[in-house]
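Data first, discussion second: the structure below is written as structure tokens.
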């Protein structure tokens with residue numbers, strides 16, 4: 001069994017190591033794969049769409065622990081969603097709702113299990129990691145799942161016309177799936193209209209374009225340059241579509 005991690009904890013901080021220590025305690029034979037620990041901090045909507053894009057890398061029979069949880073310690077419920085035979089464990093704040101909405105089959109369960117000691121500020125370590133470990137080892141009964149129901153917060157299955165991630169190259173990934181875009185469509189950021197190209201080498205050095213990235217999303221890039229710097233765009237920037 002494999003456990004996939006998606007968080008905004010940051011790879012260089014001390015949080016991910018603590019989570020992995022707990023996972024090892026509860027599921028010592030499970031493999032742990034880091035999907036991302038630089039999800040947009042505090043930004044549930046963009047992170048939800050990023051998680052949905054990465055969900056295709058999570059095979060059936062696996063567990064994904066997803067935590068972007070600015071409301072930690074509040075009233076939101078801890079959830080375990082079985083989406084197309086993959087468990088997604090995380091807060092009911094919308095983060096796992098896009099995955100659930102796009103799944104062919106999804107069951108959402110409130111997690112009834114609680115540790116003897118639950119800190120107010122680190123449910124990723126104290127609650128979600130143990131649950132992910134128990135599910136990974138096949139101990140569904142121990143998690144004390146509630147009856148299948150609906151998520152309290154759902155963002156739906158529709159695309160998000162915003163920048164959802166900027167990598168260290170300056171490529172700006174959007175929440176727009178290319179399956180819904182025409183080949184001659186242009187993306188509009190502010191007053192800048194951006195045309196499509198197949199790959200970086202198809203445009204002159206420095207030119208800004210958009211293309212279908214490896215996750216099937218529209219990504220704004222520049223050949224051998226930073227599109228984010230050139231266009232002064234960051235996560236959350238609105239992107240319009242002219243279908244042509």
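The values are calculated or read from the model by the stated rules, or taken from the named source; none is laboratory data. Values in this document were obtained by computation on a predicted structure and should not be read as measured data. Every residue, glycine among them, receives a Cβ derived from its backbone with ideal geometry; neighbour counts consider all protein chains shown.
Table: residues versus (1) closer than 26 Å to residue 176 by Cα; (2) modelled with pLDDT of 95 or more; (3) in a loop (DSSP other than H, G, I, E, B).
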residue	(1), (2), (3)
16	no, yes, no
28	no, yes, yes
35	yes, yes, no
40	yes, yes, yes
47	yes, yes, no
51	yes, yes, no
64	yes, yes, no
**OP:** Starting from the range 168-184, keep only residues that are part of a helix (DSSP H, G or I), then list their pairs with residues that are surrounded by fewer than 17 Cβ atoms within 10 Å (Cβ to Cβ) whose Cβ atoms are within a distance under 8 Å, requiring at least 6 positions of separation or different chains.
**Re:** 178/216; 179/216
Subject >> Among the candidates 90, 124, residue that is touching a strand residue (DSSP E or B) at 6+ places or on another chain (Cβ under 8 Å), outside the structural domain of residue 214 (by TED's automatic domain parsing), surrounded by 24 or more Cβ atoms within 10 Å (Cβ to Cβ) and under 21 Å from residue 175 (Cβ atoms) >> reply: 90
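Matching residues to (1) within 14 Å of residue 239 (Cα to Cα); (2) out of contact with any helix residue (DSSP H, G or I) (no Cβ under 6 Å at 6 or more places or on another chain):
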site: 115; (1), (2): no, no
site: 136; (1), (2): no, yes
site: 141; (1), (2): no, yes
site: 154; (1), (2): no, no
site: 197; (1), (2): no, yes
site: 204; (1), (2): no, yes
site: 219; (1), (2): yes, yes
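Looking at residue 72, is it assigned to a loop (DSSP other than H, G, I, E, B), touching a residue at least 12 places away in the same chain (Cβ under 8 Å) and over 22 Å from residue 142 (Cα atoms)?
On the way: assigned to a loop (DSSP other than H, G, I, E, B): yes; touching a residue at least 12 places away in the same chain (Cβ under 8 Å): yes; over 22 Å from residue 142 (Cα atoms): yes.
Criteria met by residue 72.
How many of the residues making up the range 93-118 are within 23 Å of residue 53 (Cβ to Cβ) and in contact with a strand residue (DSSP E or B) (Cβ under 7 Å, 6 or more places away or on another chain)?
If we filter the range 93-118 for residues that are within 23 Å of residue 53 (Cβ to Cβ), which is where we start, we get 93-108.
This time we only want the ones that are in contact with a strand residue (DSSP E or B) (Cβ under 7 Å, 6 or more places away or on another chain), so: 95-96, 99-100, 103, 106-108.
Going through the range 93-118 one residue at a time, the tally reaches 8.
Residues are listed down the side, and each one gets a yes or a no for (1) in the same structural domain as residue 97 (by TED's automatic domain parsing); (2) under 15 Å from residue 95 (Cβ atoms); (3) in contact with a helix residue (DSSP H, G or I) (Cβ under 8 Å, 6 or more places away or on another chain):
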| position | (1), (2), (3) |
| --- | --- |
| 13 | yes, no, no |
| 28 | yes, no, no |
| 32 | yes, no, yes |
| 37 | yes, yes, yes |
| 46 | yes, yes, no |
| 55 | yes, yes, yes |
